[in-house]
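I have placed the structure first, in the form of structure tokens, so that the comments after it can refer back to it.
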Amino acid sequence: MVLLEIQNITKIFGGLIALRDVSFDINRSEIVGLIGPNGAGKSTLFNIISGFHHPDKGRILFKDRQINGLQVDRIARMGIGRIFQEPTLFMQETIFENVLSGFHRHYREAAWKALLHTPAANREERIKKNKAIEILEFMELSALSGELAANLPHGRQRVLAIAIALASEPDLLLLDEPVTGMNPSETTTMIEKIRQIRGRGITVLIVEHDMRAVMSLCDRIVVLNLGVKLVEGTPDRIKSDERVIEAYLGKQVI
Ligand SMILES: Nc1ncnc2c1ncn2[C@@H]1O[C@H](COP(=O)(O)OP(=O)(O)OP(=O)(O)O)[C@@H](O)[C@H]1O
Ligand SMILES: [Mg+2]
């Protein structure tokens, strides 16, 4: 069953065509990889799906509803979470506080009501805290929950970014380079964690240059090059596709 439909997306920045007529679907509970050389348009497509950019042409359907044109917050509330390629943590807040910040858009009681301690606000506060504890356990960050985000090593900061995204209870999670900069053992742990995230019923679209991670995780891979979709298919098909090897994989050992 299709969850996200990307239909004929074109995005132009000034004179530069960042994406040209890109189309593909993502089914529920799939892990789909989006790969391609630097500047291929991968992050731009993430920005369009999550509402930070608007396409010049084409549309995005999520759960059968058109979402391009909607506000970023609205799209997040509909069930799309993401981590950015660049760090976006609140560095001077604790890990626990960072995860709590991920809930904000999801709960009805306004922050000022929480300050007044109305019964409804107190109840939501308790639910949020319990969920944050559960997410930190799931992401294996509990022992560090009182640490400042700034004190975490790079690999753990990426794990925390995912924990924050999970707080909004997404149906679709967009991961922009989750293992880039990680050492091999952190990468292995993250690959397993992403599998467990899918095990929770969350669909995953992942941009990543680490081909070991992409090939072992993804059910299907879409390859972009210079803003154009080159090919899509299973990891085995992508690995042996001459056009992909020429444009991107080169002589990488996978
Ligand atoms: N806000 C912007 N304004 C102008 N040009 C942009 C903007 N965002 C992206 N671009 C350009 O669009 C093209 C695609 O960039 P994008 O960041 O989507 O690539 P990418 O595939 O994510 O690359 P990387 O693997 O290096 O992260 C690039 O040429 C980039 O310079
Ligand atoms: Mg990018």
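Rule-based calculations on the coordinates, nothing more; no lab input. Bear in mind that the values here come from a model prediction, so they are computed numbers and not experimental data. Reconstructed Cβ throughout: ideal geometry from the backbone, glycine too, with neighbour counts over all protein chains shown.
Would you mind checking the tilt of helix 119-138 against the longest principal axis of the Cα atoms of the chain, expressed as 0 to 90 degrees and rounded to 10? Helix 119-138 and the main axis of the chain meet at about 50 degrees. Put in order of Cβ neighbour count within 10 Å, fewest first, the listed residues Phe24, Phe62 become Phe24, Phe62.
Considering every alpha-carbon pair of region 86-169, the percent of pairs per 5 Å bin, from zero through the bin containing the longest distance, is 3, 16, 27, 22, 16, 11, 5, 1.
For the chain, would you read off the P(r) tail past 23 Å as a percentage of all alpha carbon pairs? Here the tail beyond 23 Å accounts for 52 percent of pairs.
Springs between Cα atoms under 10 Å define the GNM used for the chain, and in it the highest mean-square fluctuation of Ser185, Ser101, Ser43 occurs at Ser185. Pairs spanning more than 29 Å between alpha-carbon atoms, out of Lys63/Lys229; Lys11/Lys193; Lys193/Lys239; Lys131/Lys193: Lys11/Lys193. Under a Gaussian network description of the chain, with springs only between Cα atoms under 10 Å, the residue in Arg123, Arg77, Arg20 that fluctuates furthest is Arg123. Taking a ≥ b ≥ c as the square roots of the eigenvalues of the Cα gyration tensor of region 210-254, is the shape rounded (a/c under 1.5), prolate (a/b larger than b/c) or oblate? The shape class here is oblate. Dividing the mean sequence gap of close Cα pairs (under 8 Å, 6+ apart) by how many residues region 164-221 holds gives a relative contact order of 45 percent.
Our summary gives region 137-239 a relative contact order of 21 percent, counting only alpha carbon pairs under 8 angstrom and 6 or more residues apart.
Among Glu30, Glu186, Glu177, which one shows the biggest mean-square fluctuation in a GNM of the chain, springs joining Cα atoms closer than 10 Å? Taking springs between Cα atoms under 10 Å, the residue moving most is Glu186. Exposure proxy for His209, His117, His154: other Cβ atoms within 10 Å of each Cβ, ordered fewest to most, give His117, His154, His209. Dipole magnitude for region 86-169: about 260 debye, using +1 per Lys or Arg Cβ and -1 per Asp or Glu Cβ, origin at the Cα centre. Helix 184-199 sits at what angle to the longest principal axis of the chain, using alpha carbons and giving 0 to 90 degrees rounded to 10? With rounding to tens, the tilt is 80 degrees.
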